[in-house]
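Worksheet: the structure to be examined is printed underneath.
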Amino acid sequence: MKLKSLISVVLISSIAVGVSAQQRGKAKGGPPHKWRVQQLHKDNNEGIAVGDIDGDGMLDISAGEYWYQAPEFKQRMVRKLEAFDTDFLENNSEHLYDMDGDGDLDVLAGKFKTSIVYWYENPGAGKYDVEAWTAHKLIDTGTAHNEATFLHDIDGDGTPEFIENSWNAKDPTQIVRLHRGDSGEVTATQHFVSDAGNGHGMGFGNINGDGKQDIVFLSGWFEQPKDEPFSRRWRYHHDFDLPHASCPMLVVDLNKDGRKDFIWADAHNYGLYWHEQLKRQADGTTTWPNRSATGHSPPRGQWFPLTAFGCPSSIPPMALRNGPSLSKSTTKL
């Protein structure tokens, strides 16, 4: 969980992703790219999202207690966060999504040790000099060991679902479905993928080649039903066990053999790895030999551009952090 100065890290990660592009530019004789690093804030927040919050056509940043208004990235208040232990704030991830149907982006956020999920209402252009955005309760998930959350369209219907990852293996894996009513406001219902079975790290992708997105996590994967995904529990495949895996785990066909592999970082240690999916057995069992992307020696916190591992251009530009887990919001990673 421990991740400090996330705002600065995100800006630095953009540089890491752009390194290979810069090298290609040099190879073609083009001008080198120039980068500006701006530290926006320093705290123990672990959630961030990027989107056009004020509707001016420029990308802003929301991160924890504040949002940062482009182009100068002026700091503006969103909410107050509770501190716990010695160096944590109650924010493990956040997402920008229009929760009330008024056309602007609100903040939907998860917390580490609280089961209630809130969203924070964007006051609207010209009304940002406020002490805090209005908070609305979305749902009580009943789980309070949350490593990260994802806003991800798991069933491909065009509406994202809110999905929690828990560090407690006894917690259920659940999907919070978002429903937009006639008024435009979003409500939520729960679907349990499993009654118990979770663990540090999560990702999504079509593991068994049936066209449906499955869920990978610390100790295997859940297979999405072939018909209605929210009609019953998902089939559990205990095909591997990992230590503290990253948020996200990336599901991608790295070796172009038609089967999805996955990439993960050791979230509380060193190492970046990819696991190759071999030919599936007749009973649906999958086998995943470890093809280490790095050893155990890289400096903690080093970033690795995904292009270094042959990821196709269909994957959104991002990087995995070797160290504490990250959530990504693009509406997380």
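Here, each number is a calculation from the coordinates, and none is a lab measurement. No experiment lies behind these values; they were computed from the predicted model shown. When we count neighbours, we look across all protein chains shown, and the Cβ atoms used for this are built from the backbone with ideal geometry, even at glycine.
Before moving on, here are some points about what is shown:
- Residue-span extension gain [K256 to F192] - 0.36 nm each, minus C-alpha spacing: 19.7 nm
- Maximal additional length on extending the K137-A282 stretch stands at 47.6 nm, based on 0.36 nm per residue less the C-alpha distance.
- Sorting the segments 48-58, 141-151, 223-233 by their residues' average number of neighbouring beta-carbon atoms within 10 angstrom, most packed first, yields 141-151, 48-58, 223-233.
- Close amide-amide hydrogen proximity is noted between R235 and E223, each under 5 Å apart and 5 or more residues distant or on a separate chain (H modeled in the peptide plane; Pro and chain starts excluded).
- Segment 175-275 - Rg and Dmax from Cα coordinates, angstrom: 15.3, 49
- The distance between label points at M58 and R36 comes to 0.9 nm (points 7 Å beyond Cα on the Cα→Cβ vector).
- One decimal place: the segment H238-D153 gains 28.2 nm when fully extended, by the rule 0.36 nm per residue minus the C-alpha distance.
- Positive minus negative residues near T159 (Lys, Arg vs Asp, Glu; Cβ under 10 Å): -2
- Residue-by-residue Karplus 3J(HN,Hα) for segment 261-270, coefficients 6.51, -1.76, 1.60, Hz, glycine and proline x: 9, 9, 10, 8, 10, 6, 5, 10, 7, 10
- Paramagnetic reach from Q75 (point 7 Å along Cα→Cβ, amide N under 12 Å) across segment 30-56: 39-44
- Ordering of 93-104, 170-181, 280-291 by burial proxy (mean other Cβ atoms within 10 Å per residue, highest first): 93-104, 170-181, 280-291
- Area projected by the alpha carbon convex hull of segment 90-216, averaged over all directions, nm²: 8.4
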